[in-house]
Amino acid sequence: MAGNRLIIRLLLLGCCVRENEGQLFRSNRSADTQVLLAIESSCDETAAAVIDRELHVLSNVVASQTDLHQRFGGIVPEVASRAHVRRILPIIDESLQEAGCELDDLCAIAVVTEPGLVGSLLVGLTAAKTLAMVMRIPLVPVNHVEAHLYACRMAAGRDIFPAVGLVVSGGHSNLYDCHSSLEFELLGSTIDDAAGEAFDKVAQTLNLGFPGGPAVEQAAHIGSSSAFKFPRTFLNEDRLEFSFSGLKTAVLYTVRGTPGSRKPVPQLTEQRIADIAASFQEAVIDVLVAKCQQAIKLRCRQVLCVGGGVAANTHLRQSFQRMADESGIELIIAPPEYCTDNAAMAAIAWELLEQGRTASLDIDVTPGLVRQRTR
Ligand code: KG4
Ligand code: ZN
């Protein structure tokens, strides 16, 4: 139902543009300025951005759905797609207005088509297809995880590749050898939970609310990271993979007691919560830093880029910086607002466009991460 409403509204918009071509959408930008509109709706953020060819972000609008999912303690896919339907057009409108653009200024529409929640991705893709069709401009499909890495390229303001790249988000913990801005070779990923997912689940165990990452970080401020010795899976192994489910379970048993054990469980005081949060956070970061160090050595790279929502974590950023300084490599982490989901990072579409990697209007979404190549 909700999806049908969006399609009808978009088709009306399309008719309106066609009828008023050249009148309604008069541009106030010079003809030689090239800008694209990027749309991101892969998970629980509805986002749109306008980016010019020099990668200047003219607008970057993000509508978070945190308030809608909070009471469920996690993202509910159906709630997410319905919220995208309600918000997508106002968000696109706002991003165009903020950038001082009209629809006929746009030379392409970029849209995240993979990976993500199927219903959520479909909302963004439907809006993007309609705009591309009506405006008769190219449609550029973007991979969300690769866009997270490209956020580092945006932050650097110059070419940063080749580099080792780490994406740590709610859905992924992926380590790449980035040969160029469009060539990402997957070196390894998580075999169970993603890093952000572990933060979210531990926050739930500690009754810290949703989203878990910022809540755990906040709680950890007054905690001791050495109070608990939590597992660091694969830390001393060669494999470039992650596993966070054992760590998550260790936190659960620390809070609720080990099943079958008669040992009394200490009360969950504010200090104990803080100590568990800090010790958990340290364990995650130790593994992430160590695996990146391994990958850098293995591939003889000099640059490390880190993106995704978990990379907004201050302690993680400091730990990575320390490692980079000690190892003599360059570290590029996007600013926190470009780590969590946004549409500006879909600026990778400019590179795709240059390579002619556009899509026809019958393209579909790809909810799973299909371009995984583990060596
Ligand atoms: O990249 P992102 O916004 O969405 C996905 O692509 O999944 O990442 C969201 C994840 C969530 O799991 C959230 O808890 C985590 O990033 N996160 C953090 C922090 N901010 C967001 N984790 C740790 N510390 C943070 N400050
Ligand atoms: Zn993301």
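What the table below lists for this structure:
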item	result
Per-region count, segment 209-229, residues surrounded by fewer than 22 Cβ atoms within 10 Å (Cβ to Cβ), outside any helix (DSSP H, G or I) and either in contact with a Cys (Cβ under 9 Å, 6 or more places away or on another chain) or not polar (S, T, N, Q) (or both)	7
Every residue from segment 268-322 that is within 14 Å of ligand 1 (Cβ to nearest atom) and assigned to a strand (DSSP E or B)	V306, G307
Residues located in segment 336-364, provided they are away from ligand 2 (no atom under 15 Å from the Cβ), closer than 25 Å to V50 by Cβ and part of a loop (DSSP other than H, G, I, E, B)	Q355, G356, R357, T358, S360, L361, I363
Per-region count, segment 80-124, residues buried (at least 21 other Cβ atoms within 10 Å of the Cβ), of a type in the set (A, V, I, L, M) and part of a helix (DSSP H, G or I)	11
Selection from segment 117-143 of residues that are within 12 Å of ligand 1 (Cβ to nearest atom) and either farther than 30 Å from S245 by Cα or in contact with a Pro (Cβ under 6 Å, 6 or more places away or on another chain) (or both)	L117
Members of segment 151-182 that are hydrophobic (A, V, I, L, M, F, W, C), in a strand (DSSP E or B) and either modelled with pLDDT under 95 or within 13 Å of ligand 1 (Cβ to nearest atom) (or both)	L166, V167, V168
Segment 162-183: number of residues that are small (G, A, S) and free of Cβ contacts under 8 Å to residues at least 24 places away in the same chain	1
Matching option when the condition is within 16 Å of ligand 2 (Cβ to nearest atom) and crowded, with 17+ Cβ neighbours inside 10 Å, among A311, A324	A311
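The values are calculated or read from the model by the stated rules, or taken from the named source; none is laboratory data. On a predicted model such as this, the values are computed, not experimentally measured, just so you know. With ideal geometry, Cβ positions are generated from the backbone for all residues, glycine too; neighbour counts draw on all protein chains shown.
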